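A.B. asks: Submitted below is the structure of interest, expressed as structure tokens.
What follows is calculated from the coordinates using simple rules that are stated; it is not laboratory data. Since we're looking at a predicted model, the values are computed, not measured. Note that we place each Cβ from the backbone using ideal geometry, even for glycine, and neighbour counts take in every protein chain shown.
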Amino acid sequence: MAAMKAYQVYIDGARCDAISGERFESHDPYADAPWATMPRCGPDDVDLAVEAAHRAFSSGPWPEMSATARGKLLRRIGDLIAEKSEELARIEVRDNGKLISEMLAQTRYLPEWYYYYGGLADKIEGAVIPSDKADTFNYTLREPVGVCAMISPWNSPLMLTSWKIAPALAAGCTMVIKPSEFTSASILELMEVFEEAGVPPGVVNVVTGFGPEVGEPLVTHAKVAKVAFTGGEAAGRRVYQAAAESFKRVTLELGGKSPHIVFDDAKQDAAVNGAISGIFAATGQTCIAGSRLLLQESIHNEFMDKLIATASAARMGDPQDFETQVGPVTTPAQYQKVLDYIDIAKADGAECVLGGEPASAEEGGGKWFVKPTIFTGVKNNMRIAQEEVFGPILSVIPFRDEDEAVEIANDVSFGLAAGVWTESLTRATVMAKRLRAGTIWINTYRAVSMTSPFGGFKASGLGRENGLVGIEEYLETKSVWVSTAEDTGNPFVMKLSGGSD
Ligand code: NAD
């Protein structure tokens, strides 16, 4: 067996091991074998990285760099990522077992985040405020929030972390990134790009390791001003609570239980494709999974026949193969969780009409494969309809009319996304307004862009990434007052009155 690649973390522009010298393994879920080792960092490594980010924020070339120069740097990063897109995608597939077709689509599109926010860097403007006070000039400055802690999950490592890195760099922040312990390799490879592009030392740092050992010390570090977290509900809640202690700015991108609603006037074949892409693409391991399929009663049986026929033909296999449509579940723990939820759904009375079990090697599967699984007869109050599984399990729930569809769709703690399939413009517009979720797709699903705000209602998160609003999360607004008055006024009274009205 070839020697495992030993990665190093990236702190203050240099590669190094964890202070303890400890390492942990990164696994290839399809091969079911470790392929690389990562430094197992702890609080002392976090401290080094945050101090480096703090120094880079406070002095040296980074705060001196003009916003226009930052923009050029971001665009250079985008160009260099484009040259490495296939290499980066292959590494991600090796770590998370998702399909090469999906990961390559992501890494090929990745430069766009750096181009978009590179373009925005020198268009962040303050305002001149029409002052109500005589002889007073009042304006605002938009300043970078400071050192940011970027914590990301394993399902789309480079893309989801770049949703944070690109606007933060454009705003002038510095950062410490903690990738998922399951998928650290691609972020560390990205640091070569940043180095080559000329990002000054300390501006971007990466520490690898586990949530309690690295994530928590990062979130609670006194010199971290903002936490941008993408991950599950439980860790998200801990991060939010820990960050509250020192009033850090927080954005949270969490889980979902997104409804995919098909009306009787929808183009059925397109909606079947949409439903498949919502739950079986990425083996259901996506925050925006359309894990609840709401079907209008009148089309339920006809639609289910088509859906089962398409889903049962999905090709399982090696995720590095472009022909594969369903890959393995990423981790053994996640695999067990998926199987547990199949049991829970059955025990609660849902009817399994497809899959519901592991897929053997003869069926194209292997060690961590679960067959595309569909349950009908699901009630929205069942656990399978309320809790995020993060696997290839679809719950089908019938509804009578628009009102009932809205009631069922909104009756979950999450609010990340929703899909609506209808040919009626009126119905589409009304549904888009009534659904409580951060993204609504009409006659499409899983479309994202650097230009469009993304984030959740309710337990799906806090704040938005992407688009113009995405950069707001990395900025503070400062109000500056300049007086040209000779008379400084009564020192014992606030300066309230307009003075010139
Ligand atoms: P996770 O919550 O287990 O881990 C996410 C990250 O948080 C990892 O880097 C982990 O090490 C770290 N972490 C864990 N505990 C921590 C703590 N106490 N303090 C600080 N950091 C901690 O999530 P996961 O299993 O890697 O990813 C799957 C989850 O992510 C799903 O719930 C999915 O819906 C969600 N997700 C959300 C989005 C979104 O944009 N809304 C996108 C992708 C994934």
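A.B. asks: Per-residue ellipticity at 222 nm for the chain, helices alone: DSSP H runs ≥ 4 residues times -39500 (n - 2.57), over residue total, nearest 500 deg cm²/dmol?
C.D. replies: Roughly -11000 deg cm²/dmol at 222 nm, from the helical runs in the chain.
A.B. asks: Next up: Based only on other Cβ atoms within 10 Å, what is the fewest-to-most ordering of VAL396, VAL145?
C.D. replies: VAL145, VAL396
A.B. asks: Could you list THR484, THR330, THR324 in order of exposure, starting from the residue whose Cβ has the fewest other Cβ atoms within 10 Å?
C.D. replies: Exposure proxy ranking, most exposed first: THR484, THR324, THR330.
A.B. asks: Could I ask something else about it? Which order results if TYR114, TYR109 are arranged by neighbouring Cβ count within 10 Å, fewest first?
C.D. replies: Going from least to most buried by this count: TYR109, TYR114.
A.B. asks: May I ask you to derive the relative contact order of the chain, considering only C-alpha pairs under 8 Å and at least 6 residues apart, and to give it as an integer percent?
C.D. replies: 18 percent
A.B. asks: Would you mind telling me the antiparallel percentage of the DSSP bridges in the chain, rounded to 5? Before the final figure, lay out each step's value.
C.D. replies: Numbers: 31 of 70 bridges.
Antiparallel bridges make up about 45 percent of those DSSP assigns within the chain.
A.B. asks: For the stretch 350-365, in order, what is each residue's ³J(HN,Hα) by Karplus, 6.51 cos²θ - 1.76 cosθ + 1.60 with θ = phi - 60°, in whole Hz (x at glycine and Pro)?
C.D. replies: 6, 9, 7, 9, 7, x, x, 7, x, 9, 6, 4, 5, 8, x, x
A.B. asks: Taking the Cα atoms of the stretch 49-115, report the difference between the largest and smallest coordinate on each principal axis, in whole Å and largest first.
C.D. replies: Reported extents, whole Å, longest axis first: 42, 26, 14.
A.B. asks: Another one. Relative to the longest principal Cα axis of the chain, at what angle does helix 233-244 sit, 0 to 90 degrees, rounded to 10?
C.D. replies: That works out to roughly 10 degrees.
A.B. asks: If you don't mind, another one. Using amide H atoms built in the peptide plane, which far-off residues or other-chain residues are under 5 Å from ILE129 H to H?
C.D. replies: Residues meeting the criterion, in which the H sits 1.01 Å from N, are ASN138, TYR139, THR140.
A.B. asks: Here's a follow-up. With the radius of gyration and the Kirkwood radius both derived from the Cα set of the chain, what is their ratio Rg to Rh?
C.D. replies: A ratio of 1.02.
A.B. asks: Through the Karplus equation 6.51 cos²θ - 1.76 cosθ + 1.60, θ set to phi - 60°, convert the phi angles of the stretch 481-495 into ³J(HN,Hα) values in whole Hz; use x for Gly and Pro.
C.D. replies: Using θ = phi - 60°, the values come out as 10, 10, 9, 10, 6, 6, 8, 7, x, 5, x, 8, 10, 4, 8 Hz.
A.B. asks: Return, for the Cα atoms of the stretch 259-442, the radius of gyration and Dmax in Å, separated by a comma.
C.D. replies: 15.7, 48
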